[in-house]
Amino acid sequence: MKYSYKLSDAVHLLSYLHIYQDGDLSSKAIADSIESNPSVVRQLMSDLRTAGLIVTRKGAAEPRLAKKPREINLFDIYQAINMDHDLLHVDPKTNLKCIVGGNIQASLEKYYDQIQAAAFNEMKQISLADVIDDILQRQSTKLDLSINLREYPYFYK
């Protein structure tokens, strides 16, 4: 089974744009951070721009968030990147002549739909700012800094 990292990469990209807003914002620099290909980054940026989450200018490596990080949630990002699959998948190949095989798909679909709705509701509660705060807090711990990141409004525009 192949996993998609598209959502993770999109959140990474948006976090990068905010944290390094005065740095190198080229698709190559972002791709280096994600450890991906610049063309993958450009495709993600296209999706995020279409969804109104970032603003770009043709010919300039100056992408920026279109909204404050507090105004963007994980569900917004999920929707922006055109994830065309459900979170959970039911095996479509079962023996329909068997009591279990003939009914498991509909049964699981009902429960998987409930789980997915709950997951999407939770995603709506987590903002990009929450993720950025966590990244910066983890980095300050790694650097063993005793700073209060909230004292730096640069990160909370």
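The values are calculated or read from the model by the stated rules, or taken from the named source; none is laboratory data. These numbers were taken from a predicted model, which means no experiment stands behind them. We place every Cβ from the backbone using ideal geometry, glycine too, and count neighbours over all the protein chains shown. Just so you know, the surface numbers come from the protein's heavy atoms only, side chains and all, with ligands and any DNA or RNA stripped out. Shrake-Rupley method; radii C 1.70, N 1.55, O 1.52, S 1.80 Å.
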* Consider N82 against the criteria (1) open to solvent by 90 Å² or more (accessible area, probe 1.4 Å); (2) modelled with pLDDT of 95 or more; (3) within 30 Å of S107 (Cβ to Cβ): it satisfies all of them except one. Which criterion is unmet? -> (2)
* Among the candidates I99, I115, which residue alone is surrounded by fewer than 15 Cβ atoms within 10 Å (Cβ to Cβ) and under 27 Å from D9 (Cβ atoms)? -> I115
* **Set F120, F155, F75: member being at pLDDT below 90, part of a helix (DSSP H, G or I) and either within 16 Å of L14 (Cβ to Cβ) or open to solvent by less than 70 Å² (accessible area, probe 1.4 Å) (or both)** => F155
* Structure fact -> Of L17, L7, the only residue that is at pLDDT 95 or above, under 15 Å from the mean Cα position of the chain (by Cα) and under 21 Å from I135 (Cα atoms) is L17
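Just wondering, is there one or more residues in segment 42-59 that are among the small types (G, A, S) and farther than 21 Å from N121 by Cα?
Taking segment 42-59 and keeping what is among the small types (G, A, S), we get 46, 51-52, 59.
Okay, now just the ones that are also farther than 21 Å from N121 by Cα, so 46, 59.
Scanning segment 42-59 turns up at least one residue that is among the small types (G, A, S) and farther than 21 Å from N121 by Cα.
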* Asked: Does N37 count as touching an Asp or Glu at 6+ places or on another chain (Cβ under 8 Å) and open to solvent by 70 Å² or more (accessible area, probe 1.4 Å)?
  -> no
* To do: Among the candidates D32, D24, single out the residue that is within 15 Å of R64 (Cβ to Cβ) and either without any contact (Cβ under 8 Å) to a residue 24 or more places away in the chain or open to solvent by 80 Å² or more (accessible area, probe 1.4 Å) (or both).
  => D24
* Mind counting the residues in segment 85-96 that are open to solvent by less than 40 Å² (accessible area, probe 1.4 Å) and under 26 Å from A51 (Cβ atoms)? => 0
* Structure fact -> Residue pairs qualifying under the 9 Å Cβ cut-off, at least six apart or on distinct chains, with the first in segment 130-141 being more than 18 Å from L74 (Cβ to Cβ) and part of a helix (DSSP H, G or I) and the second being among the hydroxyl-bearing types (S, T, Y) and open to solvent by 70 Å² or more (accessible area, probe 1.4 Å), are S140/S146
* Asked: Mind checking whether some residue in segment 41-54 is without any contact (Cβ under 8 Å) to a residue 12 or more places away in the chain, out of contact with any His (no Cβ under 7 Å at 6 or more places or on another chain) and closer than 17 Å to V131 by Cα?
  -> no
* **Single match in L108, L48, L44 (criterion: touching a strand residue (DSSP E or B) at 6+ places or on another chain (Cβ under 6 Å), among the hydrophobic types (A, V, I, L, M, F, W, C) and not in a loop (DSSP other than H, G, I, E, B))** => L48
* Asked: Which ones in segment 52-64 are within 12 Å of L17 (Cα to Cα) and either open to solvent by 30 Å² or more (accessible area, probe 1.4 Å) or over 14 Å from the mean Cα position of the chain (by Cα) (or both)?
  -> V55, T56, A61, E62, P63, R64
